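Working notes, structure below.
Read-outs: derived from the displayed coordinates by stated rules, not from any lab. Every value quoted in this text rests on a predicted model; they were computed, and no experiment measured them. Please note: Cβ atoms are built from the backbone with ideal geometry, for glycine as well, and neighbour counts cover all protein chains shown.
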Amino acid sequence: IYFFLTAVKLPGSRTYIHPHTYEDPNQAIRDFAKEIDASTIRIERVIGAGEFGEVCSGRLKLPSKREIYVAIKSLKAGYSEKQRRDFLSEASIMGQFDHPNIIRLEGVVTRCKPVMIITEYMENGSLDTFLKKHDGQFTVIQLLVGMMRGIASGMKYLSDMSYVHRDLAARNILVNSNLVCKVSDFGLSRVLEDDPEAAYTTRGGKIPIRWTAPEAIAYRKFTSASDIWSYGIVMWEVISYGERPYWEMSNQDVIKAIDEGYRLPAPMDCPVVLHQLMLDCWEKSRSERPKFGQIVNTLDKLIRNPNSLKELANRFLKDHVTLKTGVMAAENSVLPSQE
Ligand code: ACK
């Protein structure tokens, strides 16, 4: 009996299986995604455009006869076999996850056309747009901390499964009607092609520079520690209500400033403890950055003790106040400009 118990893998110790490890990608889909009968889906309206085709909202009738709102991504006609594979890879990745802060896969339609991926519907759309629309409306900073806690919790789950996201940014977080934030965007080609923020590096990779850790930009060292760096940028986006990180600085200037030790200053009305957490995520040495589990714990403590959020970092004058790692620089110092 004891032998048997030790042989059983604990849930949670499960690691993610990359769809490319399957010789037959269709097998990965069969293993991780449920095939949905197209007649149970009712498409209602177009809500956006994805890399492979339209994103719509609609309803899905479950076997229990209950109807739920869903998002429906479809693969546009005239696709190649590789495009179909890349499109469906998102479902075979998403289908391995089961967490309240990760977008939930309902299933796929592959037996008839168009090929579709069905996920839960997130009423408030992507986090960056949502925050811009509600600029300054959340006087309760705790609401924002709750959102950041959710994202960190989803990321902890992913990193525990050894999944590295590579494109964590507010634009890739979805928000539901209860303001629960969920990590989305799991395609294989997506970091390369789908993200308008991704720029080509000198080495030919396509990377969303402003969100990416220096070692990932320099030599493509993508790890959960580089996801942590991106997470710090997401924290900054949340507190600044969807402001663009590093404003209008060019990608080259961002890379240079980071290398010289400059970091984003605290957004307006940002609690000191939160800015410190961001700075921890932006440690140059990746082993010194916190882990997602530690971030969840820290945010939980802050939520339980709202007084800890009262001390605010200095208001910043956009473009005129900057921070050197952990040290407040002179009020009128500027980020180094292009040479
Ligand atoms: O900012 P948005 O409204 O949120 O516009 C984009 C668009 O589709 C293209 O990706 C929205 N979207 C994507 N997935 C979902 C989903 N599961 N629920 C609701 N909206 C979604 C996204």
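Annotations
- The stretch between R14 and S250, if pulled fully straight at 0.36 nm per residue, gains 80.9 nm over its current Cα-Cα span.
- Sorting the segments 37-44, 80-87 by their residues' average number of neighbouring beta-carbon atoms within 10 angstrom, most packed first, yields 80-87, 37-44.
- Vicinal HN-Hα couplings computed from phi for the stretch 52-60 (Karplus, 6.51 cos²θ - 1.76 cosθ + 1.60; Hz; Gly/Pro x): 9, x, 6, 10, 10, 10, x, 10, 10
- Percent of alpha-carbon pairs separated by more than 24 Å within the stretch 36-139: 27
- Residues T110, T212 in ascending order of nearby Cβ atoms (within 10 Å, fewest first): T110, T212.
- Qualifying trypsin sites (Lys or Arg not before Pro) in the stretch 96-176, where qualification requires a DSSP coil assignment and no more than 12 other C-beta atoms within 10 Å, comprise R111.
- Pairwise FRET efficiency - K132 versus E81, Cβ, R0 = 41 Å, nearest 0.05: 0.60
- Full-stretch length increase - S162, K301 - with 0.36 nm per residue and alpha-carbon distance subtracted: 47.5 nm
- A simple count of charges around V70, restricted to other residues whose Cβ falls under 13 Å of its Cβ and scoring Lys, Arg +1 and Asp, Glu -1, yields +3.
- Distance between modelled label sites at S308 and S287, nm, 7 Å Cα→Cβ extension: 2.7
- Gyration tensor verdict on the stretch 93-240 (Cα atoms; rounded if a/c is under 1.5, prolate if a/b is larger than b/c, oblate otherwise): oblate
- The share of Cα pairs per 10 Å bin across the stretch 218-305, counted from zero up to the longest distance, runs 15, 49, 30, 5, 0 percent.
- Pairs of lysines in the stretch 1-157 (C-alpha under 26 Å apart; 8 or more residues apart or interchain): 20
- Neighbour-count order for V273, V238, fewest beta carbons within 10 angstrom listed first: V273, V238
- Cα gyration tensor, the stretch 5-97 - rounded (a/c under 1.5), prolate or oblate: oblate
- Straight-line reach from K256: taking Cα to Cα under 24 Å and skipping same-chain neighbours fewer than 8 places apart, the lysines in range are K206, K221, K284, K318, K324.
- For L277, L179, order by how many other beta-carbon atoms lie within 10 Å, fewest first: L179, L277
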